[in-house]
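Participant: One structure coming up, written as structure tokens, with questions to follow.
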Amino acid sequence: MTSSTPSQPAPRAFAGPAPAALRIEALSFDYGRRHALREVTLDVGRGELLGLLGPNGSGKSTLLRILSTLLPCPPGRVWIDGLDAARQGDAVRRRIGVAFQSPSLDGKLSVQENVRFQGWLYGLHGAALAARGDALLTRFGLAARRHERAETLSGGLQRRVELAKALLHAPPLLLLDEPSTGLDPAARLEFWNTLHALRAEGALTIVAATHLMDEAERCDRVALMDEGRLMVADTPAALKSALGGEVLTLECSNPPGLAAALGARLGLAAQAVNGVVRLAEGTGREAVARILQTFAADVLALHVSKPTLEDVFIARTGHRFNRPEGA
Amino acid sequence: MNAGNALAVALPVWSLFAREVLRFVRQRNRIVGALGTPLLFWVLLGSGFGRSFSPPGLEAGMDYLAYFFPGTLLLVVLFTAIFSSISIIEDRKDGFLQGVLVAPVPRLSIVAGKVLGGTALAVAQGLLLLALAPLAGLPVGWTHFLAAGGVMALTAMALSALGFLWAWRTDSVQGFHAVMNLLLMPMWLLSGALFPSTGASPWVRAVMAVNPLTYGLAALRRVLYGPAIAARLGDPALATALLVLSAFVVLLSALAVRMARRGGRV
């Protein structure tokens, strides 16, 4: 067996005092001829809450599957807690807690049974397992429901059991794939509050994939993904302020024509994005008067707004976050 | 392998095994499905044929209910073991399997937990049915329970491992049922459950000789009828049957472990 710790090779040393919680270097992954990930490079520091933000098919689920050892990973590309995920799979598995989009709970088992069986999978047993399980169930407000079948719990409570399962073996890194899928807004808010609280309690690093802007806003850093590429990774505030103060969008009947005309006649960098014209970052309010002067007849509506993460996404990728089918 | 290592292999096996059994007990319709259908077959076919079809080699007073009884036991084992394996397909859909695969669990433990779970359920159901043997005019004592339990365990292990092999690669329960109807039911029909090999046409006898279930049934009949009648029915010797069954268990389990190690769809 390769699962014992004593015989394992020493973790690879990195320059610097402690290895990053997660380090990804030029990671690519193909499903047959489709490129799911292209040269993704990313470092996640200890205690960080990183949001992987991208539309469906952007590669964030593939990335999480590789990080959670479900998909094979080439050597020398992914390090978790300083361990090469390709070579030290079992050691890496002990260091990650994973909650997928589809729940891993067994509805026919009670909450406590779900937690206990999970502990056995990780080699926990006896009093230590019972104590750890009780502590987590109490922490998540599930102690009173421990004997109920998991299938009878609400979606929000099931997610909490899922979290308790993922944290049972005290992993330093928590991987979450669309963790709030199927939750109503109140439960979603509560779930993210729990994540923040967890991170504040100890040195837990969290990587959470999401396609929801408001969830990404709540992360320390956001890694924007599109078509298998990591476009940028930074704090939500830094990403938005890089766009400049405000974002101008114009509604009109012929967006490509207006975008071209704005460039030709006023020297403004504009692009037509899914039915509207969007002006490049840094275009100030003073442009509004000039635009209306020249194109009053073409412009149906003009919006001036603070940039959102969606604006950041559009600026980085040239297309909208939720593209219509076939676009 | 030191104690810590043994525990690292055994605890996950126990986890998956215990879950399998608990789930089964909590889904009553599964008990009815696995035990009820064979029981119905036995009562209807056994009583229907009655004395109009009496296989040569049986002793006076033994009718088709008696002949068909070991085959019914085999069908219970088949249904229970195979339906238990199907749950891998659901586990994959639900996300439960992914949760197991990201844990530091040896792939051997996953196969062992699943196969032993299915085996335990199959043997338990088989023993329940065996208690009805006196209705077929067959004797049941402790030795019969022990010996038949052992034979059913070997057969169930082979079938559970076979089911694992399929279920691991199949993404729909419907697809699994198609295989079940096309392969497993014929395997059962050609095991000697319904008719002895002695009167069958040569090609059927050839198929029966390479059918693993033939050996499971032969061993069951040796145990329940005694060696004399079993020999007259043309069954292989008990030692042969057990050897062949064990070989299938080892082969199919090894294949299942190999497949689980290679990954597959997740």
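Participant: Please count how many residues of region A:56-85 are assigned to a loop (DSSP other than H, G, I, E, B) and touching a Lys or Arg at 6+ places or on another chain (Cβ under 7 Å).
Facilitator: 5
Participant: Given the residues B:Gly48, B:Gly57, which is the only one that is more than 11 Å from every other protein chain (Cβ to nearest Cβ) and either among the aromatic types (Phe, Trp, Tyr) or not in a loop (DSSP other than H, G, I, E, B) (or both)?
Facilitator: B:Gly48
Participant: Any residue in region A:118-134 that's under 15 Å from A:Pro171 (Cα atoms): show its pairings with residues that are part of a loop (DSSP other than H, G, I, E, B) and among the hydrophobic types (A, V, I, L, M, F, W, C) at Cβ separation under 6 Å, as long as the two are six or more apart or on different chains.
Facilitator: A:Gln118/A:Leu168; A:Gly119/A:Leu168; A:Leu121/B:Ala103; A:Leu121/B:Val105; A:Tyr122/B:Ala103
Participant: For region B:25-43, check the following and say yes or no: at least one residue is of a type in the set (Val, Ile, Thr), open to solvent by less than 40 Å² (accessible area, probe 1.4 Å), in contact (Cβ under 8 Å) with a residue 40 or more places away in the chain and within 14 Å of chain A (Cβ to nearest Cβ). Break it down into steps so the answer makes sense when it comes.
Facilitator: From region B:25-43, those of a type in the set (Val, Ile, Thr) are B:25, B:31-32, B:37, B:43; that's our starting set.
Next, from what is left, pick out any that are open to solvent by less than 40 Å² (accessible area, probe 1.4 Å): none.
Among the residues of region B:25-43, not one is of a type in the set (Val, Ile, Thr), open to solvent by less than 40 Å² (accessible area, probe 1.4 Å), in contact (Cβ under 8 Å) with a residue 40 or more places away in the chain and within 14 Å of chain A (Cβ to nearest Cβ), which makes the answer no.
Participant: Quick check: is even one residue across region B:91-108 touching a residue at least 24 places away in the same chain (Cβ under 8 Å) and over 30 Å from A:Glu178 (Cβ atoms)?
Facilitator: yes
Participant: For region B:201-210, which residues satisfy the criterion of being surrounded by fewer than 20 Cβ atoms within 10 Å (Cβ to Cβ) and in contact with a Gly (Cβ under 9 Å, 6 or more places away or on another chain)? Even if it seems obvious, please write down each step before you answer.
Facilitator: Step one: filter region B:201-210 for residues surrounded by fewer than 20 Cβ atoms within 10 Å (Cβ to Cβ), giving B:201-207, B:209-210.
Residue satisfying the conditions is B:Arg205 alone.
Participant: Let me ask you something else. Could you identify the single residue in A:His319, A:His303 that is open to solvent by less than 50 Å² (accessible area, probe 1.4 Å) and under 26 Å from A:Leu53 (Cα atoms)? Steps first, answer last, please.
Facilitator: Details: A:His303 fails: open to solvent by less than 50 Å² (accessible area, probe 1.4 Å).
The unique qualifying residue is A:His319.
Participant: In addition: Are any residues in region A:97-110 open to solvent by less than 20 Å² (accessible area, probe 1.4 Å) and either over 26 Å from A:Thr210 (Cα atoms) or at the interface with chain B (Cβ under 7 Å from one of its Cβ atoms) (or both), and if so, which ones?
Facilitator: A:Phe100, A:Ser104, A:Asp106, A:Leu109, A:Ser110
Participant: Is one or more of the residues making up region A:174-191 free of Cβ contacts under 8 Å to residues at least 40 places away in the same chain, open to solvent by less than 50 Å² (accessible area, probe 1.4 Å) and hydroxyl-bearing (Ser, Thr, Tyr)?
Facilitator: Yes, the conditions are met somewhere in region A:174-191.
Participant: What's the number of the condition A:Glu162 fails, among (1) more than 13 Å from every other protein chain (Cβ to nearest Cβ); (2) under 15 Å from B:Ala103 (Cα atoms); (3) among the acidic types (Asp, Glu)?
Facilitator: (1) is the only condition that A:Glu162 fails.
Participant: I would also like to ask the following. Please go through region A:39-87 and pick out each residue that is open to solvent by 10 Å² or more (accessible area, probe 1.4 Å) and basic (Lys, Arg).
Facilitator: Selection gives A:Arg46, A:Arg65, A:Arg77, A:Arg87.
Participant: Any chance you could count how many residues in region B:154-197 are out of contact with any Lys or Arg (no Cβ under 8 Å at 6 or more places or on another chain), at pLDDT below 90 and of a type in the set (Ser, Thr, Tyr)?
Facilitator: Final tally of qualifying residues: 2.
Participant: Please verify whether region B:85-93 includes one or more residues that are more than 14 Å from chain A (Cβ to nearest Cβ), buried (at least 21 other Cβ atoms within 10 Å of the Cβ) and either of a type in the set (Phe, Trp, Tyr) or in contact with a Ser or Thr (Cβ under 9 Å, 6 or more places away or on another chain) (or both).
Facilitator: Looking through region B:85-93, at least one residue is more than 14 Å from chain A (Cβ to nearest Cβ), buried (at least 21 other Cβ atoms within 10 Å of the Cβ) and either of a type in the set (Phe, Trp, Tyr) or in contact with a Ser or Thr (Cβ under 9 Å, 6 or more places away or on another chain) (or both).
Participant: Related question: Looking only at residues that are within 14 Å of chain B (Cβ to nearest Cβ) and modelled with pLDDT under 50 in region A:1-38, which one is surrounded by the fewest Cβ atoms within 10 Å (Cβ to Cβ)?
Facilitator: Result: A:Pro6.
Participant: Return the residues of region A:111-144 that are touching a Leu at 6+ places or on another chain (Cβ under 6 Å), closer than 20 Å to B:Arg26 by Cβ and at the interface with chain B (Cβ under 7 Å from one of its Cβ atoms); say none if nothing qualifies.
Facilitator: A:Trp120
Participant: Looking at region A:237-254 only, could you name the residues that are in a helix (DSSP H, G or I) and open to solvent by less than 20 Å² (accessible area, probe 1.4 Å)?
Facilitator: Residue satisfying the conditions is A:Leu239 alone.
Participant: Taking region A:111-162 on its own, how many of its residues are closer than 30 Å to B:Leu108 by Cα, open to solvent by less than 30 Å² (accessible area, probe 1.4 Å), under 29 Å from the mean Cα position of the chain (by Cα) and not acidic (Asp, Glu)?
Facilitator: Selection size over region A:111-162: 13.
Participant: Which condition breaks for B:Leu255 when tested against (1) open to solvent by less than 30 Å² (accessible area, probe 1.4 Å); (2) modelled with pLDDT of 90 or more?
Facilitator: The single condition B:Leu255 does not satisfy is (1).
Participant: Follow-up. Across region B:224-252, which residue is nearest to the other protein chains (Cβ to nearest Cβ) among those that are in contact with a Phe, Trp or Tyr (Cβ under 9 Å, 6 or more places away or on another chain) and open to solvent by 30 Å² or more (accessible area, probe 1.4 Å)?
Facilitator: Going through the qualifying residues, I end up with B:Phe248.
Participant: So for region B:62-82 (the condition being more than 14 Å from chain A (Cβ to nearest Cβ) and open to solvent by 60 Å² or more (accessible area, probe 1.4 Å)), does at least one residue qualify?
Facilitator: The answer is no, given that none of the residues of region B:62-82 is more than 14 Å from chain A (Cβ to nearest Cβ) and open to solvent by 60 Å² or more (accessible area, probe 1.4 Å).
Participant: Kindly evaluate B:Pro104 against the criterion of being open to solvent by 40 Å² or more (accessible area, probe 1.4 Å) and over 13 Å from B:Leu16 (Cβ atoms).
Facilitator: So B:Pro104 fails the test.
The values are calculated or read from the model by the stated rules, or taken from the named source; none is laboratory data. Not measured: the values here are computed from a predicted model. Methodologically, a virtual Cβ is constructed for each residue, glycine included, from the backbone with ideal geometry; neighbour enumeration extends over all protein chains shown. The protein model used for the area step is the full one, side chains on, heavy atoms only, and it has no ligands, DNA or RNA in it. Shrake-Rupley method; radii C 1.70, N 1.55, O 1.52, S 1.80 Å.
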